[in-house]
Each structure stands twice: as structure tokens, then as C-alpha cells.
1. Carbon-plus-sulfur fraction of the accessible area of the chain, 1.4 Å probe, in percent?
2. Give the whole-number value, in cubic angstrom per residue, of the convex hull volume spanned by the C-alpha atoms of the chain.
3. Under a 1.4 Å probe, what is the accessible area of segment 1-67 per residue, stated in Å²?
4. Provide His68, His85 ordered by accessible surface of protein heavy atoms (probe 1.4 Å), highest first.
5. Any idea how far the Cα center of segment 95-129 sits from the one of segment 38-88, in Å?
6. Would you mind working out the magnitude of the charge dipole of the chain relative to its Cα centre, with +1 at each Lys and Arg C-beta and -1 at each Asp and Glu C-beta, to the nearest 20 Debye?
7. Would you work out which of Gly35, Gly135, Pro120 lies farthest towards the positive end of the dipole of the chain, given +1 charges on the beta-carbon of Lys and Arg and -1 on that of Asp and Glu, about the Cα centre?
8. Net charge within 9 Å of Ile101 by Cβ-Cβ distance, Lys/Arg positive one each and Asp/Glu negative one each, not counting Ile101 itself?
Amino acid sequence: MVMKDAELRHLHRCVELAAEALEAGDEPFGSVLAGADGTALAEERNRVASGDRTRHPEFELARWAAAHLTPGERAAATVYTSGEHCPMCAAAHAWVGLGRIVYVASSEQLGTWLTEWGVPAPPVRTLPVGEVAPGVTVEGPVPELTDEVRALHHRLHGGRA
Ligand code: ZN
């Protein structure tokens, strides 16, 4: 998939946010919400170290969008993210009427890595966004950045990248 420079910049920022999350003791996920003109409107990173396992960036951005954007603005917005939305976040994304999703690494890729590293399965199944929110346009993975995301997750699970 060929990404435009502006879109790659947002995805780079997502990976940066994921790295910040890992440094802070959270899980390496980061997301950017951009408006119809491509301007970044909000960004978030994973904050599950608080003990609240629902503190995923995509969920926070869905809530932010519901509070700050009109339905039309939400539909025209794009959420860039380091890892494909989990089912909870895909549902939140669709319930608030957000538009396109662009992810660096797919849930399938993450699942494959975790299995490879012997990490126990999470309590929620990893489903592609399309199975949870069939109306949402989804693009990814983005091979230019996938290795960086893989390395962050490898560090989280005790690997040296
Ligand atoms: Zn999630």
C-alpha cells in the first residue's frame, strides 16, 4: 500500500506515542485523530498501567470525537493507529460514527507475534475491525513501519527487539 507523506507522518507519530507508552510502563499503542483536511486534531497513547485495561488510545479518541466533533466531522475524520483497533475500540469507533482507520500492524500480525513469543492469549478475541464494524473503511498494514511496532511489542514481552 502506498501512503501519502502526510499520512505517513501521522503513522510515525503513532509509533512515537507507542514508544512513549512503553517507556511509561504502558503497552505500546499510539493513535492520532485527523480531520478531513489531514490536520491532527487529537492524539492518545495506551494508559493501561493505571489498572484500567480499557484505557486504549482508540477508545479515548472515539470519546474525544463524540465530545468535540459534529457527526459530519467525525465521518470525515481518519484515525491513524500503531496497531489495528481491538473489538472494544472498533465498536466505539463505529458507535460514534468515525470514518476511516489506517493502522501500521494488523491484529492478525500482533496475534502471530504474541503466539511466536509464547505470550498468553488476551481475554478479548482479536478480530479484524471489519468483523466488528463492517461499515468502516480500514487500511493497513503499513510495511514501512511494521518492524518498529513489532520491536516495541517484543520489548514489552521481555525481548530485546
Ligand atoms: Zn482497543
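1. That share works out to 53 percent.
2. 104 Å³
3. Ligands and nucleic acids excluded, the result is 50 Å² per residue.
4. Sorted by accessible area, descending: His68, His85.
5. 15 Å
6. 280 debye
7. Checked the options; the winner is Pro120.
8. Around Ile101, the charge tally is -2.
The values are calculated or read from the model by the stated rules, or taken from the named source; none is laboratory data. Keep in mind it's a predicted model, so treat the numbers as computed, not measured. Here Cβ is always computed from backbone atoms with ideal geometry, including for glycine, and neighbour counts include all displayed protein chains. SASA here: full protein model, heavy atoms, side chains in, ligands and nucleic acids out. Shrake-Rupley method; radii C 1.70, N 1.55, O 1.52, S 1.80 Å.
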